Amino acid sequence: MQMWPLLPHPLLRHRFHSTPRKRRAMAAAAAPAPKPPTPRGHHHHSTIPSRHLHVARCFPDPATKAPSPNPNPLLSLLSAVPDWADSVKERRVRDRRPLYNHASWRDHRSSRRHLRHLLSSLSSRVILSLVPPVSAFTAFATAIATYNTLLPAYALTASPLPYQLTAPALALLLVFRTEASYARFDEGRKAWMRVLAGAADLAGMVMHHPSHRGGAHGDDEPVRRALLNYILAFPVALKCHIISDSDVKEDLQGLLAEDDLNVVLGSKHRPRCIIEFISQSLQMIDFDEEKRSIMESKLSCFLEGIGVCEQLIGIPIPLSYTRLTSRFLVLWHLTLPVILWDECKWIVVPATFVSAASLFCIEEVGVLIEEPFPMLALDALCKQLHDGMKDMMAVQNSVHTRLVSKTKGHGGSRCPENGWPSSKREEVKID
């Protein structure tokens, strides 16, 4: 077998054939740079690198879009009505929803609700948002009817058989669309109920800490009060995190101290910042280890709520499903006047109006409840939690004061387990 000679590395060959002067120059260049002298008074540990955690940046920032050119005046004129309808709808979306009470439920199931709903149609955001598409399809039906009337020899007509075959498909598509949207709405509602229940449970455990009863841990009282405020502030911060155009500073003004509020406002993820306040406050208060572990496990409800809410906000129903429903509805109503002309003549205009108003209304409701949180009464739920905790603290102090006064008034005497008084003076006489 032929053996190939081993050739040295090019740098090594250069070193072997270089002169001593060149070798000294190369050694000086390869030597490490001398360290600067350490100033007097500086310790050696100052050169140790910092141990702060650093998160690597994996994804680049999205590129900023170039400004769009001046719009076409004709397009601006045609989009005036849709822009007006969208502005009305978005303004109504930002309205705060109230919680229902007994009077609200009576009005909700009243026999006059149909008349009330009919009279309030012009103020409904769903109906106002349908003005552009319904008006467009009604105008298109009017144009088709006019054309068929003026030119009956070239009238646009077709067989209704394709509509009879595709009508069940359109109905199923709308039903599945609304059911998927309501499933998201229900998931968001359940996530918020778990967050509020976890906050109420955690606040109750903090309030039952013995430091507020003059126990041995009275120094924890300021931290405990701050912890209660952090717990009540978390649902408010989460609400502002998932609803656009929320004033988090105004909502948290009365719950957090000024310095704590500045830290929260400076954070990019405010709910997680408040969770960090809660976690470190739990470590500062002298709880039992078992109780502290239970209370720290309650924070998983908060983290789970953040995850569910961000998932519902960031991931809509598959866009192909939404596009398919929209395209199906548009094509259906564009061809509806052609299909109905032979049998209905000019009745195709009101028929197209009724069909577009009803079917597009169903689709619009599905789109609105797809984002569940503007549809929920989150402000009222946060206020209800705050008022409930405040009332619980008042009742807890009142009950504790009452029991202490009763114990002192009776000299510490207690009744045995059978319910009879233990004092002979209070013994019941039996004939």
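The values are calculated or read from the model by the stated rules, or taken from the named source; none is laboratory data. None of the values given here were measured: they were computed from a predicted structure. Glycine gets a Cβ as well: all are built from the backbone with ideal geometry, and neighbour counts include every protein chain shown. These area figures cover heavy atoms from the full protein model, side chains too; ligands, DNA and RNA do not enter into them. Shrake-Rupley method; radii C 1.70, N 1.55, O 1.52, S 1.80 Å.
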Got a number for residues in region 363-395 being buried (at least 17 other Cβ atoms within 10 Å of the Cβ) and β-branched (Val, Ile, Thr)?
2
Odd one out for residue 245 among (1) free of Cβ contacts under 8 Å to residues at least 60 places away in the same chain; (2) more than 24 Å from residue 190 (Cβ to Cβ); (3) open to solvent by 20 Å² or more (accessible area, probe 1.4 Å):
(1)
Residue 355 passes all but one of (1) open to solvent by 50 Å² or more (accessible area, probe 1.4 Å); (2) farther than 30 Å from residue 204 by Cα; (3) of a type in the set (S, T, N, Q); which number fails?
(1)
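Which helices (runs of 4 or more DSSP H) sit wholly inside region 100-179 and have at least 1 residues that are closer than 20 Å to residue 334 by Cβ, open to solvent by less than 30 Å² (accessible area, probe 1.4 Å) and of a type in the set (Phe, Trp, Tyr)?
On the way: elements: 102-108, 113-119, 125-129, 131-150.
Ranges flagged: 131-150.
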Scan region 248-271 for residues that are surrounded by fewer than 17 Cβ atoms within 10 Å (Cβ to Cβ) and in a loop (DSSP other than H, G, I, E, B) and jot them down.
253, 254, 257, 267, 268, 269
Just to verify a result, which residue in region 303-330, among those that are part of a loop (DSSP other than H, G, I, E, B) and either of a type in the set (Val, Ile, Thr) or more than 16 Å from residue 184 (Cβ to Cβ) (or both), is most open to solvent (accessible area, probe 1.4 Å)?
315
